[in-house]
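Report on the structure given below.
The values are calculated or read from the model by the stated rules, or taken from the named source; none is laboratory data. On a predicted model such as this, the values are computed, not experimentally measured, just so you know. Glycine also receives a Cβ, built like all others from the backbone with ideal geometry; neighbour counts cover every protein chain displayed.
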Protein chains: 2
Amino acid sequence: MKTRERILQTSLLLFNEEGESHVTTLEIANEMNISPGNLYYHFRGKEAIIPELFDRFEHELTSILKAPIENPLSLEDNWFFLYVVFEEIHEYRFIYRNLSDLLQRFEVLHRRFSRLLDLKRLTAKAICTSLMQKQIINIDEEEITQLADSITMTITFWMNFQQLRTSETPSHLLMHQGAFQVMSLLAPYFTEQHREFYDGCHAFYQEALKEVS
Amino acid sequence: MKTRERILQTSLLLFNEEGESHVTTLEIANEMNISPGNLYYHFRGKEAIIPELFDRFEHELTSILKAPIENPLSLEDNWFFLYVVFEEIHEYRFIYRNLSDLLQRFEVLHRRFSRLLDLKRLTAKAICTSLMQKQIINIDEEEITQLADSITMTITFWMNFQQLRTSETPSHLLMHQGAFQVMSLLAPYFTEQHREFYDGCHAFYQEALKEVS
């Protein structure tokens with residue numbers, strides 16, 4: 001792997017584990033066993049690494065979020081889709097950890113993060129609308145707006161929320177919890193004949209919980 | 001007002017407006033027109049001010065959250081109660097702004113914040129259970145757990161979420177939005193004869209939106 005790529009991957013790892021604000025450029029170089037000079041040859045310090053990691057996150061999450069807008073998913077695939085979204089956010093979780101502070105420091109990322117939030121809402125709306133049209137959920141247009149906001153907020157803050165409660169939750173369990181929490185927002189809208197799909201998600205989630213404890 | 005109290009109130013104001021990490025002890029003294037020495041006589045810097053502000057927040061929010069556990073509220077009062085909670089969080093919003101970072105720096109506050117989250121969940125559960133018993137909402141015990149989590153997350157992160165989307169929302173509108181967003185989580189569970197209460201909340205919220213635009 002090229003040095004440039006190794007710097008990015010090492011930074012991502014350290015930022016995620018220790019929190020971006022606690023990691024110095026020197027520490028990244030030390031972790032890689034390269035000189036600070038070599039690191040500076042590729043990036044002018046941590047402040048240049050963060051936007052590049054954000055680029056990647058933005059690119060990946062955008063293509064994930066656009067898929068269900070372009071082609072409606074089956075009910076089951078919506079459920080898997082949630083896992084894919086949570087995995088992506090987990091991979092770049094340092095961004096979400098001190099979001100306000102990070103976005104205050106990088107003004108240009110603020111607008112781009114807002115756009116990602118808007119895209120999350122569009123995707124949530126597209127999914128809800130498709131489920132409504134297939135008569136899987138019984139909901140009106142106006143309620144979809146609030147529901148899409150709640151889904152977007154859960155996708156954005158679930159992992160932070162859960163780690164504030166108990167910091168030792170294994171990451172794959174965080175994703176199970178997050179995906180089920182989103183499903184539970186949809187639950188009261190499921191029509192009778194699709195209720196068993198939700199019960200299946202619930203059973204699947206209970207199994208995941210048991211495996212951990 | 002005594003100097004000690006003025007230091008606390010000035011710090012709270014600056015932390016809320018600029019973000020705690022961007023405010024220095026010197027800036028607090030300058031803002032008050034007192035010498036840094038005078039400030040240090042009362043508090044050994046910013047690091048001593050933060051826990052004292054947290055004490056106040058914890059004390060106030062705890063007594064707010066305990067009320068509906070001890071005495072179930074009427075349906076209307078639950079709605080006002082949400083405003084009281086959002087107002088309290090808004091008053092100490094610097095705590096929520098970079099929560100992970102703040103709680104990482106003050107290990108002892110982490111446990112206390114987790115306890116506040118647990119109390120929020122207990123309060124949300126008590127309210128849902130009381131509404132269920134009065135047959136205002138139609139829900140089973142198991143669903144209440146997920147719903148209480150969603151309510152707790154909305155109470156905790158709504159203002160952050162909204163400000164990430166559009167930073168210029170006036171604060172009283174943030175509270176209207178937050179309270180209505182929580183009501184919308186309950187909405188699909190309302191029984192037919194209480195549906196009009198929810199419609200009333202919706203109309204009230206629409207009025208608030210109009211006043212702003």
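For the structure I just gave you, tell me whether residue A:155 is within 30 Å of residue A:46 (Cβ to Cβ), among the β-branched types (Val, Ile, Thr) and touching an Asp or Glu at 6+ places or on another chain (Cβ under 9 Å). Judged against the criteria, residue A:155 is not a match.
Residue count for the range A:83-119, restricted to those that are among the aliphatic types (A, V, I, L, M) and touching a Phe, Trp or Tyr at 6+ places or on another chain (Cβ under 9 Å): 8.
Annotation note: of B:19, B:45, the sole residue that is over 19 Å from the mean Cα position of the chain (by Cα) and at pLDDT below 95 is B:45.
Scoring residue A:193 on the criteria (1) within 11 Å of chain B (Cβ to nearest Cβ); (2) surrounded by fewer than 21 Cβ atoms within 10 Å (Cβ to Cβ); (3) not aromatic (Phe, Trp, Tyr) leaves a single failure, condition (1). Assessment of the range B:95-103 against the conditions (acidic (Asp, Glu), touching a helix residue (DSSP H, G or I) at 6+ places or on another chain (Cβ under 7 Å) and modelled with pLDDT under 95) yields at least one matching residue. Residues of the range A:134-177 that are among the hydroxyl-bearing types (Ser, Thr, Tyr) and in a loop (DSSP other than H, G, I, E, B): A:166, A:167, A:169. The set of residues from the range B:1-30 being under 15 Å from residue A:104 (Cα atoms) and of a type in the set (D, E, K, R) comprises B:17, B:18, B:20.
Every residue, every condition in (1) without any contact (Cβ under 8 Å) to a residue 12 or more places away in the chain; (2) in contact with a strand residue (DSSP E or B) (Cβ under 6 Å, 6 or more places away or on another chain); (3) within 17 Å of residue B:52 (Cα to Cα); (4) aliphatic (A, V, I, L, M), yes or no:
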| residue | (1), (2), (3), (4) |
| --- | --- |
| B:85 | no, no, no, yes |
| B:95 | no, no, yes, yes |
| B:118 | yes, no, no, no |
| B:132 | no, no, no, yes |
| B:136 | no, no, no, yes |
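In summary, residue A:171 fulfils each of the numbered conditions (1) more than 13 Å from chain B (Cβ to nearest Cβ); (2) small (Gly, Ala, Ser); (3) within 17 Å of residue B:188 (Cβ to Cβ) with the single exception of condition (3). Here the range A:99-134 is the region considered, the condition is being β-branched (Val, Ile, Thr) and crowded, with 20+ Cβ neighbours inside 10 Å, and the residue that is farthest from residue A:23 (Cα to Cα) is A:127. The set of residues in the range B:63-80 being at pLDDT 95 or above and surrounded by 13 or more Cβ atoms within 10 Å (Cβ to Cβ) consists of B:64, B:65, B:66. Condition first: free of Cβ contacts under 8 Å to residues at least 12 places away in the same chain, surrounded by fewer than 21 Cβ atoms within 10 Å (Cβ to Cβ) and over 30 Å from residue A:47 (Cα atoms). Can you find one or more residues in the range A:160-167 that meet it? So far as the range A:160-167 goes, yes, one or more of its residues are free of Cβ contacts under 8 Å to residues at least 12 places away in the same chain, surrounded by fewer than 21 Cβ atoms within 10 Å (Cβ to Cβ) and over 30 Å from residue A:47 (Cα atoms).
This table checks each residue for (1) at the interface with chain B (Cβ under 9 Å from one of its Cβ atoms); (2) touching a residue at least 24 places away in the same chain (Cβ under 8 Å); (3) over 19 Å from residue A:68 (Cβ atoms).
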residue	(1), (2), (3)
A:103	yes, no, yes
A:114	yes, no, yes
A:179	no, yes, no
A:208	no, yes, yes
